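The values are calculated or read from the model by the stated rules, or taken from the named source; none is laboratory data. These figures come from a predicted structure and were not determined experimentally. Cβ: placed from backbone, ideal geometry, glycine included. Neighbour counts: every protein chain shown. Ligands, DNA and RNA are excluded from the accessible area calculation, which covers all protein heavy atoms including side chains. Shrake-Rupley method; radii C 1.70, N 1.55, O 1.52, S 1.80 Å.
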Amino acid sequence: MYGPIHGVPSPRCHLLIVNDIDIARELYIKQFHNFPIRYSFWFGYSNINKILFFMPANDDWKRIRSLITPAFTTGKLKRMIDPITQINANFIGHLRKFSESGEEFDIKKFTSAFSMDVIARCAYGIEIDSLSQPDHPIVTNAKKIFGVDASFSYIMCIMFPKIAEFFGLEMTDAKTVQYFDDLTFKIIEKRIESSTGKQNPDLIGLMIENANEMNGIVAKNDIPKGISKDEISAQGILFFIAGFDTTNATLTHIFYYLIKHSEWQEKLYEELSIVSDEELDYEKLKELPILNAIIDETLRLQPPLPVVDRECIEPYRIESHGIDLPKNTMISVQPYVIHRDPRYFKDPYEFKPERFLHKSKFNDNLAAYIPFGLGPRLCVGMRFALNELRLVLANFIINYKLAPNPDVKVSNQNVEYYRMHPNFIVA
Ligand code: HEM
């Protein structure tokens, strides 16, 4: 039960914890064909089971992944900058009254609203201001999707998928999934009717565009080939499931570290103060060393998905350790633990963004830096998430200074289910 590699009793399968980066890379990269899937659940009959994150690594997964990946290339991300900048301006505006009055507030409420508005805009092309419109159907339905509560059906779908399938249980509320299906189908129809070939710069539009490009068609009155409407709808929901909590938790953790380490806030402000608003574009944001080092170091200490799992589909022997893995063994690699391992990172528990600025001085093993996972199932939204974080953080620090509230005890960790959330903040 101890050490970087150990077995853990589990009700469903053999479970091996692998917190050794060389073995993790052997299994997840070199032996991907043998470890291609995540822990499988029963999702029910709704389109949730067509979400890329949950798909087995079959031809459908390859096809959908190859349609989503180009949605996050540099050119496409640049097209998303303007909408995110507008949402950002709204976020900054909402905070102004607190900065002027000195009144305390919970910043998580605002970062959640920001993340929600970004997804509505960047996945569906819909402009909302969820702080002023908390009852907007996108907001209420999205909350039902990611705020999964441990209902009987949900537990059965996770723990006893075969029984759940036998009884036809659904993991998520079918009406909620139906809401997103209807929304997506309407958007697709509208886009196809009015299409001139170039779609809106949101995930649905870019998937239609990519599907059309891949099939050599610039569509007019044409249903995209290579992806079904159900599959497009599922990837919209994916954005809420894979992109909301992760980005939101990272943003609030960044604020936490900047409050605790105000010298980094100062350094970041100095870095940003010599860049004009017009210059602050996609390329510039990517190059700002202090901005990026703060984000990278926060993701090292607080990776929002602390566990990255795979299932072994054929028996396999880890020769270097003489460990035989029976078929269906689950492997769990834990970025949270690996990132705090002194074999890989110097002063691993300390917030030291300089490790990403002076790499040779620290001599960290950056192959062990895996906040977005590793191998062919690496996070597909990584570039989108980093772009969003850079943009919101830069604009926040240009406008405001974060200070701790001496009356509030700040704690940085609260593990809810398997994602981590900072449990605080009053600024
Ligand atoms: C800070 C933000 C984010 C972090 C830290 C993060 C982290 C991760 C991690 C650790 C994985 C598992 C990778 C593996 O198994 O090797 C993953 C998978 C995934 N993420 Fe993210 N993620 C973030 C944001 C997003 C966003 C915004 C999207 C939106 C599209 C997204 C979409 C996905 C998808 C689709 C997968 C599954 C890929 C596949 O199985 O082929 N993520 N993410």
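Quick notes on this one:
- For the condition modelled with pLDDT of 95 or more and away from the ligand (no atom under 13 Å from the Cβ), F345 qualifies.
- Any chance F72 is of a type outside the set (D, E, K, R), open to solvent by 20 Å² or more (accessible area, probe 1.4 Å) and near the ligand (Cβ under 10 Å from one of its atoms): no
- Neighbours by Cβ (under 7 Å, 6+ apart or cross-chain): first from the range 329-356, at positive phi; second at pLDDT 95 or above and crowded, with 18+ Cβ neighbours inside 10 Å: none
- Residue in the range 177-185 that is within 16 Å of the ligand (Cβ to nearest atom), under 18 Å from I48 (Cα atoms), at pLDDT 70 or above and among the hydrophobic types (A, V, I, L, M, F, W, C) present: yes
- Here T298 meets the list (1) outside any loop (DSSP other than H, G, I, E, B); (2) within 12 Å of the ligand (Cβ to nearest atom); (3) closer than 25 Å to F32 by Cα almost entirely, failing just condition (3).
- Selection status of S10, more than 12 Å from the ligand (Cβ to nearest atom) and in contact with a Ser or Thr (Cβ under 8 Å, 6 or more places away or on another chain): no
- Selected residue (criterion: most open to solvent (accessible area, probe 1.4 Å)) from residues of the range 45-69 that are among the polar types (S, T, N, Q) and more than 13 Å from the ligand (Cβ to nearest atom): N49
- The selection criterion, being in a helix (DSSP H, G or I), over 26 Å from P56 (Cα atoms), over 19 Å from the mean Cα position of the chain (by Cα) and within 16 Å of the ligand (Cβ to nearest atom), does not hold for Y269.
- Search result, residues across the range 180-195 that are among the charged types (D, E, K, R) and in contact (Cβ under 8 Å) with a residue 24 or more places away in the chain: D181, E193
- Hits in the range 157-179 - residues which are in contact (Cβ under 8 Å) with a residue 60 or more places away in the chain and open to solvent by less than 80 Å² (accessible area, probe 1.4 Å): C157, I158, M159, P161, A164, G168, L169, E170, M171, T172, A174, V177
- Here F362 passes the criteria (1) farther than 22 Å from P306 by Cβ; (2) open to solvent by less than 50 Å² (accessible area, probe 1.4 Å); (3) touching a residue at least 24 places away in the same chain (Cβ under 8 Å) except the one numbered (3).
- Matching residues, the range 370-402, being open to solvent by less than 50 Å² (accessible area, probe 1.4 Å), more than 7 Å from the ligand (Cβ to nearest atom) and either assigned to a loop (DSSP other than H, G, I, E, B) or of a type outside the set (D, E, K, R) (or both): I370, L386, N387, L391, V392, L393, A394, N395, F396, I397, Y400, L402
- W42 meets the conditions (1) under 20 Å from I237 (Cβ atoms); (2) within 14 Å of the ligand (Cβ to nearest atom) in every case but one. The failed one is (2).
- Residue list for the range 280-298, restricted to those being more than 21 Å from M80 (Cβ to Cβ), of a type outside the set (S, T, N, Q) and surrounded by 14 or more Cβ atoms within 10 Å (Cβ to Cβ): I290, A293, I294, D296, E297
- When the residues of the range 305-321 are filtered to those that are in a loop (DSSP other than H, G, I, E, B) and open to solvent by 10 Å² or more (accessible area, probe 1.4 Å), the one that is nearest to the ligand (Cβ to nearest atom) is L305.
- Checked against the criterion of being touching a Leu at 6+ places or on another chain (Cβ under 8 Å) and modelled with pLDDT under 90, the candidates I48, I68, I84 yield just one match: I68.
- Of everything listed in (1) within 16 Å of the ligand (Cβ to nearest atom); (2) within 20 Å of S115 (Cα to Cα); (3) not small (G, A, S), the single unmet condition for K30 is (2).
- The range 265-279, subset touching a helix residue (DSSP H, G or I) at 6+ places or on another chain (Cβ under 6 Å) and in contact (Cβ under 8 Å) with a residue 60 or more places away in the chain, residue surrounded by the fewest Cβ atoms within 10 Å (Cβ to Cβ): Y269
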